[in-house]
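Structure record follows, encoded as structure tokens.
Throughout, read-outs are computed from the coordinates displayed, never taken from laboratory work. All values derive from a computational prediction rather than experimental measurement. For neighbour counting, all protein chains shown are included, and Cβ atoms are generated from backbone atoms with ideal geometry for every residue, glycine included.
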Amino acid sequence: MRKTITLFLLLYLSLSYSQESIVFSGGNAVGSNGSVSYSYGQVFYETVSGANGELTQGVQQPIEIYTLSIPNPTTGINLALYPNPAITQVTLELTISQFPNEMKYELFDVNGKLIKSEKILSNQTAIDIESLPIATYFLNVFSSNQILKTFKLIKNN
């Protein structure tokens, strides 16, 4: 019985340390174009790639950071949507010095389903929402197929 308990205790201790990695050296290198972190000591590693992503074993994991920005090609456009929340109709108002050639809006539900899409022909556009169910919607305003602004629209009763 004593040997069984000792064997079980040794097996437990070896399994509790199996999730650790002993790294005997490492550091950081910094230059004008970026930095690199490195470590020595991990004997085995594996990278598994699939359609939905990539899994890498190891002590240090790579990470890529992207800065996303959308340049605003049209300056001097102020957009407003009122009243919000609304019951029957909302007004999309543009304050602009020169009206762009092609502007439109698209109304989506919270699941991303397109509800309505129309061209914007004047500085004030009335949007009928009376037939829509009570919910939250998103209104995207486009100029030359680029999103200028996204409004969160709440439909009440």
**Fill in**
Looking only at lysines whose Cα falls under 17 Å of Lys155's and that sit 8 or more positions away or on another chain, we get Lys113, Lys116
**Request:** For the range 73-143, state which GluC sites (Glu not before Pro) are in a DSSP loop and have at most 11 other beta carbons lying within 10 Å of their beta carbon.
**Result:** Glu102, Glu130
**Complete:** Unit-weight point scatterers at every alpha-carbon of the range 67-155, Debye formula, q = 0.25 1/Å: log10 I(q)/I(0) is -1.37
